[in-house]
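> Before we start, here is the structure in question, set down as C-alpha cells.
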C-alpha cells in the first residue's frame with residue numbers, strides 16, 4: 001500500500017479510538033464517580 005493510505009488509516013484509527021475513549025469517560029463506568037457540585 002502507499003504511504004498516504006497507511007497514514008490515512010492510522011489517523012482514522014486514532015480518531016476512532018479517541019472518540020470511543022471520550023464517550024466511555026463521559027457515559028461509561030468512570031462517570032459514576034463524577035458529581036455536579038451545583039446539585040444538592
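The values are calculated or read from the model by the stated rules, or taken from the named source; none is laboratory data. Note that this is a predicted model, so its numbers are computed, not measured. Because the Cβ atoms are built from the backbone with ideal geometry, glycine has one as well, and the counts that use them run over all protein chains shown.
> List every residue pair whose Cβ atoms sit under 6 Å apart, with the two residues 6 or more apart in sequence or on different chains, where the first one lies in segment 16-29 and is modelled with pLDDT under 95 and the second, anywhere, is surrounded by 10 or more Cβ atoms within 10 Å (Cβ to Cβ) and not in a helix (DSSP H, G or I).
Filtered contacts from segment 16-29: no entries.
> Quick check: anything in segment 3-14 at pLDDT below 80 and surrounded by fewer than 10 Cβ atoms within 10 Å (Cβ to Cβ)?
No: segment 3-14 contains no residue that is at pLDDT below 80 and surrounded by fewer than 10 Cβ atoms within 10 Å (Cβ to Cβ).
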